[in-house]
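The structure appears right after this line, and notes come after that.
The values are calculated or read from the model by the stated rules, or taken from the named source; none is laboratory data. These figures come from a predicted structure and were not determined experimentally. Here the Cβ is made from the backbone with ideal geometry for all residues, glycine too, and neighbour counts use every protein chain on show. Note: accessible area is taken over every heavy atom of the protein model, side chains too, but ligands, DNA and RNA are not part of it. Shrake-Rupley method; radii C 1.70, N 1.55, O 1.52, S 1.80 Å.
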Amino acid sequence: MTEILSRAERDEALKQMTQSGWGEARDGEAIAKTFRFADFKDAFAFMSKVALCAEEMNHHPEWTNVYNRVEVVLSTHDAGGVTAEDIKLAQFMDEAATDA
Ligand SMILES: C[C@H](O)[C@H](O)[C@H]1CNC2=NC(N)=NC(=O)C2=N1
């Protein structure tokens with residue numbers, strides 16, 4: 001079972017990711033980011049790429065899509081907080097978004 005990150009570990013990971021727009025959510029039990037794309041097609045292409053990675057990782061985002069925006073919240077439900085899996089998926093999302 002993936003171990004939950006300590007607050008210090010999570011804050012350290014977040015420090016690196018804050019530059020790319022990730023922030024704390026749910027009182028530290030999740031991380032969140034809103035991605036904006038040129039249009040719906042690009043937003044959906046991003047979601048399709050991430051969906052395949054999430055399935056591969058067996059680690060899934062909570063997300064909403066409105067036209068060119070994708071709002072994402074990541075947390076490890078089984079652990080009740082932020083784990084390395086969330087950081088790994090967040091990093092994949094950042095890369096997938098730049099490919100859009
Ligand atoms: C049964 C299934 O393996 C688990 O529910 C997986 C699926 N995807 C998941 N996704 C996320 N974000 N957190 C989890 O704890 C999780 N657990």
With the requirement that a residue be open to solvent by 70 Å² or more (accessible area, probe 1.4 Å), within 14 Å of the chain's Cα centre (by Cα) and charged (D, E, K, R), what does the range 5-25 give you? E24
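With the range 28-100 as the region, which strands (runs of 3 or more DSSP E) entirely inside it contain at least 3 residues that are surrounded by 17 or more Cβ atoms within 10 Å (Cβ to Cβ)? Steps first, answer last, please.
Values: elements: 30-36, 62-66, 69-74.
Result: 30-36, 69-74.
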